[in-house]
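*Asks:* The structure under discussion is supplied below as structure tokens; questions concerning it will follow.
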Amino acid sequence: MAYLEELFELPGRVALVTGARQGVGRALALALARAGARVALTSRDAASLRELGRELEPLGAEPLLLGLELTDAAAPARAVEAVIERWGRLDVLVNNAGLSIRGPAVDYAVAEWDEVFATNLRGPFLLAQAAARAMGDGGRIVNVSSTYARVAVAERAAYAASKAGLEQLTRALAVEWAARGITVNAIAPGATPTQTRRAVLGTAEAARARAAEIPLGRLGSADDLAGALLLLTGPAGAFITGQTIVVDGGYTLGVA
Ligand SMILES: NC(=O)c1ccc[n+]([C@@H]2O[C@H](COP(=O)([O-])OP(=O)(O)OC[C@H]3O[C@@H](n4cnc5c(N)ncnc54)[C@H](OP(=O)(O)O)[C@@H]3O)[C@@H](O)[C@H]2O)c1
């Protein structure tokens, strides 16, 4: 057990997880708390984080509930400042918050394109920038991408392009900040039936059809991502940077 603790535990570490109210962000925040980290959570509506906050308290995560609107370019720096004010340090940033506005490319509105890019690419960059300034003696940044960064499907041009941009941003920042002891990596989930995505995945029949395209034979869950996160944030991942771990049951292999 001590060996596993040495590889994956985060005692005394401080983590910031965006978009943590539900779905993937909630599962990732719980994973970090269970590994011993103190955790700051964000939502556009901070009050909506209270339930998760109550769940994290007994784990010793001392949850800090923050409001964060990623389309506001000044907001990321404020969120990082609040973390520093509370704990005096930031060790892990998880850029999980994201937005998908689906629609035919010929009719796609500029406002929708801008909102998707501000949420999925500019916001995570500004958070990473503020975090890197605050991470004194090194840190870990993990961006949540998507299999749609590499598999092209209709009616998701803005989302797919923003996530592909996020993966290249991951590599660019990894190179630039390696000398500061900061690793920058990404996790790319496949279709995960979280609260907001259930409607997109559609009926039980549509979900079954999607699962049939996945070599491991099922849709992923938010909890399937916890292991990749703990690898990238714990001591075990100290020498991994600029990488994207695809957690999709083999979907992108295209062999189902
Ligand atoms: N679920 C999937 O199938 C799937 C597959 C691949 C990748 N992903 C990625 O995984 C991440 C989490 O996905 P999810 O399905 O759990 O939830 P989600 O509904 O895609 O989004 C996660 C959170 O992002 C926050 N958010 C959205 N717009 C925001 C904005 N303008 N400013 C600040 N926060 C904003 C929302 O939090 P509040 O409403 O509380 O503000 C939301 O709960 C996303 O980056 C998503 O693209 C998901």
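The values are calculated or read from the model by the stated rules, or taken from the named source; none is laboratory data. Just so it is clear, the structure is predicted and the values come from calculations on it, not from any experiment. Backbone-built Cβ (ideal geometry, glycine too); neighbour counts: all protein chains shown.
*Asks:* Would you say residue 15 is assigned to a strand (DSSP E or B) and within 15 Å of the ligand (Cβ to nearest atom)?
*Replies:* No; evaluated as a whole, the condition is false for this residue.
*Asks:* Here is a follow-up. Starting from the stretch 147-175, take each residue that is in contact (Cβ under 8 Å) with a residue 60 or more places away in the chain and of a type in the set (Val, Ile, Thr) and list its partners that are assigned to a helix (DSSP H, G or I) and within 13 Å of the ligand (Cβ to nearest atom), counting only C-beta distances under 6 angstrom and pairs at least six apart or across chains.
*Replies:* Filtered contacts from the stretch 147-175: 147/251; 147/252; 151/252.
*Asks:* Considering every residue within the stretch 69-81, establish whether at least one is assigned to a loop (DSSP other than H, G, I, E, B) and more than 14 Å from the ligand (Cβ to nearest atom).
*Replies:* For the stretch 69-81, residues assigned to a loop (DSSP other than H, G, I, E, B) and more than 14 Å from the ligand (Cβ to nearest atom): absent.
*Asks:* Another question, if that's okay. When you look at residue 5, is it surrounded by fewer than 24 Cβ atoms within 10 Å (Cβ to Cβ) and modelled with pLDDT under 95, yes or no?
*Replies:* yes
*Asks:* Of all residues in the stretch 187-217 being in contact with a Lys or Arg (Cβ under 9 Å, 6 or more places away or on another chain) and part of a helix (DSSP H, G or I), which is surrounded by the fewest Cβ atoms within 10 Å (Cβ to Cβ)?
*Replies:* 200
*Asks:* Right, next: Restrict the check to the stretch 38-52 and report whether at least one residue is assigned to a helix (DSSP H, G or I), farther than 22 Å from residue 98 by Cβ and either touching a Lys or Arg at 6+ places or on another chain (Cβ under 9 Å) or more than 16 Å from the ligand (Cβ to nearest atom) (or both).
*Replies:* The answer is no, given that none of the residues of the stretch 38-52 is assigned to a helix (DSSP H, G or I), farther than 22 Å from residue 98 by Cβ and either touching a Lys or Arg at 6+ places or on another chain (Cβ under 9 Å) or more than 16 Å from the ligand (Cβ to nearest atom) (or both).
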